[in-house]
Amino acid sequence: MSATPKTWAALAAALLLGALGAVITFWAYQQIEDAAKARQQSYVLIGKAGTLLSALKDAETGQRGHALTGDETFLEPYLAVRDGLDNQLKTLRQLCEITTAQKHLEALMPLLETKLAELAKIIDLRRKGDTAAVIAQVQSGEGKRVMDAIRAEVSAFIQIEEEELAQRDAVFQTNLRRMFAVIVIASLITLMGALVFGYFIHQGVQHRLAGLVHLETQDMLETQQALSLQLQRANDILLISEEKLAVTLNSIGDGVIATDAQGRVTRLNPLAEKLTGWTLAEATGRPVDEIFHIVNKDTRQLATIPVKESLELGTVVGLANHTVLIARSGSERDIADSCAPIRDRDNQVIGAVLVFRDVTEEYAIDMARRKSEATLGGIVTSVMDAVIALDSKHCITLFNSSAEEMFGVTSKEMLGSNLDRLMPTRFRAAHSDQVQKFGETSVSKRVMSSPGEVSGLHADGHEFPIDASIAQFEVKGEKMFTVVLRDITERKRLDQALQEKTTELEKAKAIAERASLAKSDFLSSMSHELRSPLNAILGFAQLMESDAP
């Protein structure tokens, strides 16, 4: 029996619906694939931005180590950042497609150049041995301000990319659900078309119904298998993306804790597990303050968890200074860094990510440096003699309080000046020649030279005698000098008084000696004059006492 027009219409409708379902399914799959690629690009951008910031932190840490020790091996992170910075920025700019994120990259370029220039300057000063300039540069806070600005720009860039990632993830999930719905609907429509077609065929051509139903069912099964395969591939892409995200988090040099909107832990990277003592399996679902236990280092009072503040305010929140993380085992570490909110495509806060790092060693090094500087400063300040340090150009780099009191000038006025300024004009040429000759000697044994007594010039114009000694030493191949000066005005006054007293005593001694000599001459003369008559008297007296005078 030939097919009726209704049969042909049903067949055409079924084929049209099947074709439409296949087109819609292919379109949905294409949307899923595009969304997966976009998510992957966001993960790559976030990872590269984090790597750039981590490398810059390592470079800064290496520069600090070099500034403290002078060891060139500490500069390896800095050299790596300096040589590879352009390529990293170029890659970020090529991959970034968001205009607002591009603006942060543009703002980041001059900041990175400024930071590298500041690091290079400190390294150059340290290589020259100019420790005072290095300390001054560090204490100026310029490096910290630039680094904070870099962190802000990188954090803003990462936040934009994370927001874009959340949006892309939402699109991916939507497309995935849409494709699944399309598969189900297409299957149902195809099945319904097959049933309708079978109904009409059953009316006229039952002998062909079995074959047509079989073919249609086979096509439907093949379509379902193809759709299932596409769904499996989409799921594999999602798993790969999740694995890459995990690899990115695991490779970050800082501890990372992610939470949901209620502050419950959803993710920990390995470094966070190590620092807190909690594994991801143990910490998942627990309140963040139970995992991330922090106190103030000085007061030992509980510190505010930055995650809660970030969730409430929806802004980036930094940790307070001197914050200590107490691990599950009871061990303590000084930590630093900040927390940022996680937003969905509707800009709603759906969680927070806390990034922190162990700065215990940095704090210890900084404290040791401060203690060393304080000790050295206390020693120099407490010395009663004037202590002055000179660089290789004979310019003053240190002027202690005793020197300020001795010459009537402040350290601020004298830093960078020549030592000749403290001497009368008539002595300056000879003194410069003497220091120049002394500077040409070897410093392998830290030779000490004592020019002897010289004259100093007070700020009010009067001159006074001083006793000076100069020690020469070497820092990184550069000759340096330490000058120790002592005001001997009182000593000279005492010496002069002693000399005058000695002269008076010598005069009195001469007078006494002359008087003693006159006395001896007088007694000698008198004894001679009295000896003859006394002899006669003595003889007659002896005769008178005898029995027969």
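The values are calculated or read from the model by the stated rules, or taken from the named source; none is laboratory data. Here the structure is a predicted model, which means the values were calculated and not measured. Here the Cβ is made from the backbone with ideal geometry for all residues, glycine too, and neighbour counts use every protein chain on show. Heads up: the accessible areas ignore ligands, DNA and RNA and are worked out on the full protein's heavy atoms, side chains in. Shrake-Rupley method; radii C 1.70, N 1.55, O 1.52, S 1.80 Å.
Screening Ser402 with (1) open to solvent by less than 50 Å² (accessible area, probe 1.4 Å); (2) at pLDDT below 70 gives one miss only, at (2). Pairs under 6 Å by beta carbon, first residue without any contact (Cβ under 8 Å) to a residue 24 or more places away in the chain in region 282-311, partner among the hydroxyl-bearing types (Ser, Thr, Tyr), six or more apart or different chains? Final answer for the pair search is Ala303/Thr323. Here is a check on your reading of the model: is Lys57 under 29 Å from Ala136 (Cα atoms), open to solvent by 10 Å² or more (accessible area, probe 1.4 Å) and not aromatic (Phe, Trp, Tyr)? Judged against the criteria, Lys57 is a match. Identify the residue in region 106-163 that is within 22 Å of Ile396 (Cβ to Cβ) and outside any helix (DSSP H, G or I) and, among all such residues, is most open to solvent (accessible area, probe 1.4 Å). Here the answer is Lys128. Taking the criterion of being of a type outside the set (A, V, I, L, M), open to solvent by less than 70 Å² (accessible area, probe 1.4 Å), touching a Gly at 6+ places or on another chain (Cβ under 8 Å) and farther than 30 Å from Val171 by Cβ, would at least one residue in region 325-335 satisfy it? The answer is yes, given that some residue of region 325-335 is of a type outside the set (A, V, I, L, M), open to solvent by less than 70 Å² (accessible area, probe 1.4 Å), touching a Gly at 6+ places or on another chain (Cβ under 8 Å) and farther than 30 Å from Val171 by Cβ.
Taking region 84-99, which residues are part of a helix (DSSP H, G or I) and either open to solvent by less than 40 Å² (accessible area, probe 1.4 Å) or under 23 Å from Arg145 (Cα atoms) (or both)?
Scanning region 84-99 gives Gly84, Leu85, Asp86, Gln88, Leu89, Leu92.
Among the residues making up region 79-116, those that are of a type in the set (A, V, I, L, M) and more than 20 Å from Glu163 (Cα to Cα) are Leu79, Ala80, Val81, Leu85, Leu89, Met109, Leu111, Leu112, Leu116.
Residues in region 208-224 include none that are modelled with pLDDT under 80, more than 29 Å from the chain's Cα centre (by Cα) and not in a helix (DSSP H, G or I).
Among the residues making up region 407-416, those that are open to solvent by less than 30 Å² (accessible area, probe 1.4 Å) and more than 33 Å from the chain's Cα centre (by Cα) are Phe407, Val409.
The rows are residues; the columns are (1) acidic (Asp, Glu); (2) more than 31 Å from the chain's Cα centre (by Cα).
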residue	(1), (2)
Leu116	no, no
Asp130	yes, no
Gln137	no, no
Arg151	no, no
Glu161	yes, no
Ala166	no, yes
Ala170	no, yes
Met192	no, yes
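Quick grid of which residues meet (1) buried (at least 17 other Cβ atoms within 10 Å of the Cβ); (2) modelled with pLDDT of 80 or more:
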| residue | (1), (2) |
| --- | --- |
| Thr425 | no, no |
| Asp433 | no, no |
| Gln436 | no, no |
| Val443 | no, no |
| Ser450 | no, no |
| Leu457 | yes, yes |
| Glu463 | no, yes |
| Lys476 | no, no |
| Phe481 | yes, yes |
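Among the residues examined, Ala303 does not qualify as farther than 22 Å from Gln159 by Cβ, loosely packed, with under 14 Cβ neighbours inside 10 Å and of a type outside the set (Asp, Glu). Would you pick out the residues in region 484-520 that are more than 30 Å from Gly408 (Cβ to Cβ) and either open to solvent by less than 90 Å² (accessible area, probe 1.4 Å) or touching a helix residue (DSSP H, G or I) at 6+ places or on another chain (Cβ under 6 Å) (or both)? Answer for region 484-520, where residues must be more than 30 Å from Gly408 (Cβ to Cβ) and either open to solvent by less than 90 Å² (accessible area, probe 1.4 Å) or touching a helix residue (DSSP H, G or I) at 6+ places or on another chain (Cβ under 6 Å) (or both): Thr502, Thr503, Ala508, Ala510, Ala512, Ala515, Ser516, Ala518, Ser520.
Among the residues of region 388-397, those identified as surrounded by 12 or more Cβ atoms within 10 Å (Cβ to Cβ) and either at pLDDT 85 or above or over 16 Å from Ala468 (Cα atoms) (or both) are Asp391, Ser392, Cys395, Ile396, Thr397.
Take the conditions in a strand (DSSP E or B), modelled with pLDDT under 80 and not basic (Lys, Arg) and apply them to Ala515. Does it pass? Judged against the criteria, Ala515 is not a match.
Residues to consider are Glu72, Glu33; find the one that is surrounded by fewer than 19 Cβ atoms within 10 Å (Cβ to Cβ) and free of Cβ contacts under 8 Å to residues at least 40 places away in the same chain.
Just a single option satisfies the conditions, and that option is Glu72.
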